[in-house]
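A.B. asks: The structure follows.
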RNA sequence: CGGGAUGUAGCGUAGUCCGGUUAUCGCGCCUGGUUUGGGACCAGGAGGUCGCAAGUUCGAAUCUUGCCAUCCCGACCA
């Protein structure tokens, strides 16, 4: 028993860390706040990235790459934008090192000070819009639909593996449009892409909504988001899509000639999801035995463990497994045959459960005689004996079933975790009890929102799209309100 | 960045209060053998800047100061 996982009920934060570290997803690094994403964790990210990248291209976007460094002056061109990021920027001030004349190793060469300091991008709106000015002249250049896969740096006070690190990987889409309507449609379209990805690939149900003004992206007119719910009842913002209006076009003077040959500022969007999604995935599905990964993005979907006495039995198993492997691989299933002789079956079972591999096939000499295999599903921790006839077909169906069943389980939990509150007492009792989302009336002011946050640590996660309109009174001030908004404590 | 806790081999730890031979134990690792249906067993072996740096002392894992890292709780945030 080498890899004990702290129980969720005992210490949720420690449980999460155990899964990331012992599940082999990531490690702490020598740099404060930064992590090393290990091969298994990166394989997970690659699968997520590939699906999203395909969806971006299907919706007409192209990938490009913009510089890591942003001239300091760019950042200050959009007033709200700089306000939002100024406190968490890494700044490059010099471009050369030298040997310490006093023999203390390398030091920064004071002669090599940069004329204009460079900011390590916390997000790329400014450098991109500075470029778009040159790219966009006519309505024929629009829409401009660009995405970039990149790393960004935000100097966070307090970091957590995957959920909040000083450097993280993400994609950021930046689009330019001729009209506001078109830009809003793009913003909503990409929100739908994110929601579809979260629900149908990660099996994580989300609420689509709009952020309140105080939770809005710095420089946006409207921020749309998908909000996921973790098993401890805390919400997690899983993706955002911003309608930027003409804010960046004006700041960077990006104009186009319309059909009437009149100059107009373009309309913008930006949207992103990050390696934070991996944190969401872990906290939405996993259990006290380890990770539980949805088949569609699991690095490894099926593992086959042989059980044998002696070389003769092993050879017979090898031959049969080869057939199963070929069939599964032909169907595009990511499968591994673990015939490593150093670890015994029980050890492998525990290890693959920790790593969240959706399906495990155990095959022994006895099984061959009976023409069956023992098939275990990670999500429900059940085992059944399946016939070797058309085993691969049954496995493919099982993977589908696991995917659906994981989503349904999470969806049920989410639905059961949206609670209405009509008084402040109820509101607080729910937060301190089962937590989750609380649907409550709010008078629409930033002051009330701030006061509620102060009193309860809960924030407005979003105003759901297609939110039912109903008359009510703000839970804090009693002022009239026409709809409920979703509050929660959040990551 | 404030408050609290922790830091001894890859992991988990004893020893720290009250300084004193060669730093304890388990897991893991290496070699050989027996094993293999839920984290195997036997035998032998390797592995340590006791978080880092100064200081006190004849002598520091142990005492003092500073620093670093991680975790928890706040403020900030995807």
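Taken together, the values in this text are just the output of simple stated rules run on the coordinates, not laboratory data. The structure presented is a predicted model; accordingly, all values stated were derived computationally and were not measured. No Cβ is skipped: glycine too gets one built from the backbone with ideal geometry, and neighbour counts run over all protein chains shown.
A.B. asks: Expressed as a whole number of Å, what is the distance separating the alpha-carbon centroids of the range A:382-438 and the range A:188-250?
C.D. replies: Here the answer is 21 Å between Cα centres.
A.B. asks: Here is a follow-up. Would you please give the FRET efficiency between residue A:384 and residue A:319, computed as 1/(1 + (r/R0)^6) with r the Cβ-Cβ distance and R0 = 25 Å, to the nearest 0.05?
C.D. replies: The formula returns an efficiency of 0.60 here.
A.B. asks: Can you tell me the orientation of helix A:125-135 relative to chain A, as the angle in degrees between its alpha-carbon axis and the longest Cα principal axis, to the nearest 10?
C.D. replies: Helix A:125-135 and the main axis of chain A meet at about 70 degrees.
A.B. asks: State whether the range A:1-145 is rounded, prolate or oblate according to the following rule on the C-alpha gyration tensor (a ≥ b ≥ c being the square roots of its eigenvalues): a/c under 1.5 gives rounded; otherwise a/b larger than b/c gives prolate, and the remaining case gives oblate.
C.D. replies: Since a/c reaches 1.5 but b/c is at least a/b, the shape of the range A:1-145 is classed as oblate.
A.B. asks: Between residue A:11 and residue A:180, what's the calculated FRET efficiency when r is the beta-carbon distance and R0 is 51 Å? Round to 0.05. If you can, show how the numbers build up before the last one.
C.D. replies: On the way: r = 48 Å, r/R0 = 0.95.
It comes to 0.60.
A.B. asks: OK, next. Stokes-Einstein at 20 °C, 1.002 mPa s, Kirkwood radius from Cα pairs: D for the range A:1-78 in µm² s⁻¹?
C.D. replies: On the way: Rh = 16.3 Å.
In µm²/s, the coefficient is 131.
A.B. asks: Sorted by average packing, counted as other Cβ atoms within 10 angstrom per residue and highest first, what order do A:297-310, A:129-142 take?
C.D. replies: So the order, starting with the most tightly packed, is A:297-310, A:129-142.
A.B. asks: Continuing with this model, one more query. Rounded, prolate or oblate: which fits the range A:330-371 when a ≥ b ≥ c are the square roots of the eigenvalues of the alpha-carbon gyration tensor, with rounded for a/c under 1.5 and prolate only if a/b beats b/c? Don't jump to the answer; show the numbers that get you there.
C.D. replies: Values: a/c = 1.83, a/b = 1.08, b/c = 1.69.
Oblate shape, in that a/c is at least 1.5 and b/c is the bigger or equal ratio.
A.B. asks: Sticking with this one: How far is helix A:310-330 tilted off the main Cα axis of chain A, in degrees rounded to 10, range 0 to 90?
C.D. replies: So the helix axis and the longest Cα principal axis differ by about 40 degrees.
A.B. asks: Taking 7 Å along the Cα-to-C-beta vector as the label spot, tell me the residue A:429-residue A:59 distance in nanometres, rounded to one decimal.
C.D. replies: Placing both labels 7 Å along Cα→Cβ, they lie 4.2 nm apart.
A.B. asks: Computed FRET efficiency, Cβ-Cβ of residue A:73 and residue A:343, R0 60 Å: what is it to the nearest 0.05? Show your work: numbers first, answer last.
C.D. replies: Working: r = 58 Å, r/R0 = 0.96.
Calculated value: 0.55.
A.B. asks: Using alpha carbons only, how many degrees (0 to 90, rounded to 10) separate the axis of helix A:391-416 from the longest principal axis of chain A?
C.D. replies: So the inclination is approximately 50 degrees.
A.B. asks: With the cut-off at 1.5 for a/c, could you classify the range A:173-238 from its C-alpha gyration tensor as rounded, prolate or oblate? Walk me through the numbers on the way to the answer.
C.D. replies: Working: a/c = 3.11, a/b = 1.54, b/c = 2.02.
In terms of gyration-tensor shape, oblate.
A.B. asks: OK, next. Report the full-extension gain for the segment residue A:80 to residue A:420: residue separation times 0.36 nm, less the Cα-Cα distance, to one decimal in nm.
C.D. replies: Contour length minus the Cα-Cα distance gives 119.0 nm.
A.B. asks: Can you give me the distance in nm between label points at residue A:87 and residue A:157, each placed 7 Å from the Cα along the Cα-to-Cβ direction?
C.D. replies: Distance between the two pseudo-spin positions: 0.7 nm.
A.B. asks: Compute the separation of the alpha-carbon centres of the range A:462-477 and the range A:1-38 and state it in Å as a whole number.
C.D. replies: 39
A.B. asks: Which values of log₁₀ I(q)/I(0), to two decimal places, follow from the Debye formula for the range A:109-181 at q = 0.14, 0.20 Å⁻¹ with a uniform point scatterer at every Cα?
C.D. replies: These q points yield log10 I(q)/I(0) values of -0.66, -0.94.
A.B. asks: How do the peptides A:422-428, A:145-151, A:263-269, A:17-23 rank, highest first, by the average count of neighbouring beta carbon atoms within 10 Å per residue?
C.D. replies: A:263-269, A:17-23, A:145-151, A:422-428
A.B. asks: Roughly how many nanometres apart are two label points built 7 Å out from the Cα toward the Cβ at residue A:454 and residue A:112?
C.D. replies: 4.9
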